[in-house]
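Throughout, read-outs are computed from the coordinates displayed, never taken from laboratory work. All values derive from a computational prediction rather than experimental measurement. Here Cβ is always computed from backbone atoms with ideal geometry, including for glycine, and neighbour counts include all displayed protein chains.
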Amino acid sequence: MSSSITQLIKSQTNNAADGTGIKKLVKLTQNLLHTKTIPKYLVDYVQAQQQSQFGGYPDHKDIAPSAIFTAVFAIFFIAHLSIFIKNYSRGHIFWPGLALAFYALCRWLGFALRIVWAKNIMKIDVGLASEVLLALPILFLATINLILAQRVFTWAHPAGGNSRPYWIFMSVLYFAVFAVVLMTIVAGVIPYLYFLSEKHFNMCKNVMKVSAILDVLYTLTAISLILLSWILPTTANDRAQMVYQPTWIESFHLLYYPPRGAAQRAEREFVERHGTHVRPARTITFVHTKDSRLMSFFKFNNVHSASLFLIARTSFLVLIGAVFRAVGLFLNRTAGQKDWIYKPVVMYILWGLLETIINIWYLVDRIDLRFYKPSAIRWKKYGEVEPKAPETDRPLSDDHIDDKPAISMRSSANTEEV
């Protein structure tokens, strides 16, 4: 009986590849059987033919862990958004913080929709939305880490980090990532919406494999950039480059927030001191001083070790999730071919637990302070301003530098480790 029904259904699909067109197949089966309730044995049969997904297809056992991470990422969404809003109200604008709130929102909705899907596996649209919202945040985290690494690189190499070739390269990279996101969504969703021939189904699977490889490589870019920040020597152009740092940030403490309007006051003081004919490189901060001689000295004598380590360890955890997903795609299994890498517990550990740790690190280490760079100076607002005659902006002699105490990883008693 079941064999006859499946053969009849198969004949109505124009011999499409098994595992494609599930959304159309549901309606087709309902019409053939003259009922909206499809027998469980048919549901199980068709589900077993579907392409395996990282995390598998949910059932009642997925409701509890999905509910836990729904709550966890809802908390992270509120935390990231609250910090961004509070900073914004004080004139401290850190856009990656808003991006983190969006990332947490995607994770939150992804796990919430997985609960709905687990209660009724026939809700195909809900399942597709859940899969997309759970898969894409890997790229969001990798992008945020790359932005942070880019700011560290510009801090270490202000001339190179603000050069035109460097910005063109980074812009092309971000555009490529956007293309990969679109490619992943299209190639991942189409096989569920339409009946495909074996050839076109394999094309979609190959596109997903390529996107998975690109995801893995992309997560490595942040680590590569911080290694370059560490390895590449500081050039004469870097040392000669005027920098504009947020020296008004006095601490990276968990409960610290910059004074209201401090960024705007510092911008005005910078313009009054240096005039409107300079174009400084905007970088993250290390030393809290307004003496530009000391700033020029300090900025090349500390490796921002805590910041580098934060990017490295979070990127490594993101990389693990990307690698496991890529391996699952290359194994090319169907849902009926049980394999441990597709088990829900693996997904909950990599996309739930590890990313929970990542978000805690982001919040505790206050990336909104540690990786903040000043907003672009609104030069037109100030008109023509001539620089003040500098009294202390003479170069520091070698003897003067040698008399300085060794620079520790803490710039002051009130400053967290940089």
Open item on the list: Quick check on the exposure proxy: order His274, His60, His157 from fewest to most C-beta atoms within 10 angstrom.
Closed with: His60, His274, His157
- [ ] Could you calculate the FRET efficiency of Ala240 with Arg90 from 1/(1 + (r/R0)^6), where r is the beta carbon distance between them and R0 is 30 Å, rounded to 0.05?
- [x] 0.35
Open item on the list: When a/c reaches 1.5 or more, the comparison of a/b and b/c decides; with that in mind, is the range 40-97 rounded, prolate or oblate per its Cα gyration tensor?
Closed with: prolate
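Sort 325-335, 129-139 by the packing proxy (mean of other Cβ within 10 Å over each peptide's residues), most packed first.
Values: 325-335: 17.4, 129-139: 21.5.
Highest mean packing first, the order is 129-139, 325-335.
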- [ ] Report, in degrees rounded to the nearest 10, the 0 to 90 angle that the Cα long axis of helix 124-135 makes with the longest principal axis of the chain.
- [x] 30
Task: Rounded to 10°, Cα long-axis angle of helix 305-331 versus longest principal axis of the chain - done: 20
- [ ] Any of Lys40/Lys119; Lys40/Lys123; Lys86/Lys380; Lys27/Lys61 with alpha carbons more than 20 Å apart? Name them for me.
- [x] Lys86/Lys380; Lys27/Lys61
Task: Per-residue Cβ neighbour rank within 10 angstrom, fewest leading, Asp18, Asp215, Asp59 - done: Asp59, Asp18, Asp215
Task: Degrees, to the nearest 10: 164-193 long Cα axis against longest axis of the chain - done: 20
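What ranking do 107-118, 169-180 get when scored by the average of other Cβ atoms within 10 Å per residue, highest first?
Numbers: 107-118: 22.7, 169-180: 13.0.
For the peptides 107-118, 169-180, the packing ranking is 107-118, 169-180.
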- [ ] Would you work out the relative contact order for the chain, in percent, from Cα pairs under 8 angstrom that are 6 or more residues apart?
- [x] 24
Open item on the list: Tell me whether the chain comes out rounded, prolate or oblate; compute the Cα gyration tensor, take square roots of the eigenvalues as a ≥ b ≥ c, and use a/c under 1.5 as the rounded threshold.
Closed with: prolate
Open item on the list: Between the range 19-54 and the range 198-256, how far is it from one alpha carbon centroid to the other, in angstrom?
Closed with: 43
- [ ] Please give the calculated 222 nm ellipticity per residue for the chain, where each DSSP H segment of at least 4 residues contributes -39500 (n - 2.57) and the sum is spread over every residue; nearest 500 deg cm²/dmol?
- [x] -20500 deg cm²/dmol
TODO: Could you pull out every residue, at least 5 positions away or on a different chain, whose amide H is within less than 5 Å of the one on Gly275? Hs are placed 1.01 Å off N in the peptide plane, and Pro or chain starts have none.
DONE: Lys388
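Taking R0 as 30 Å, what's the FRET efficiency between Ile68 and Ile231 from their Cβ-Cβ distance, rounded to 0.05?
Values: r = 41 Å, r/R0 = 1.38.
Efficiency at R0 = 30 Å is approximately 0.15.
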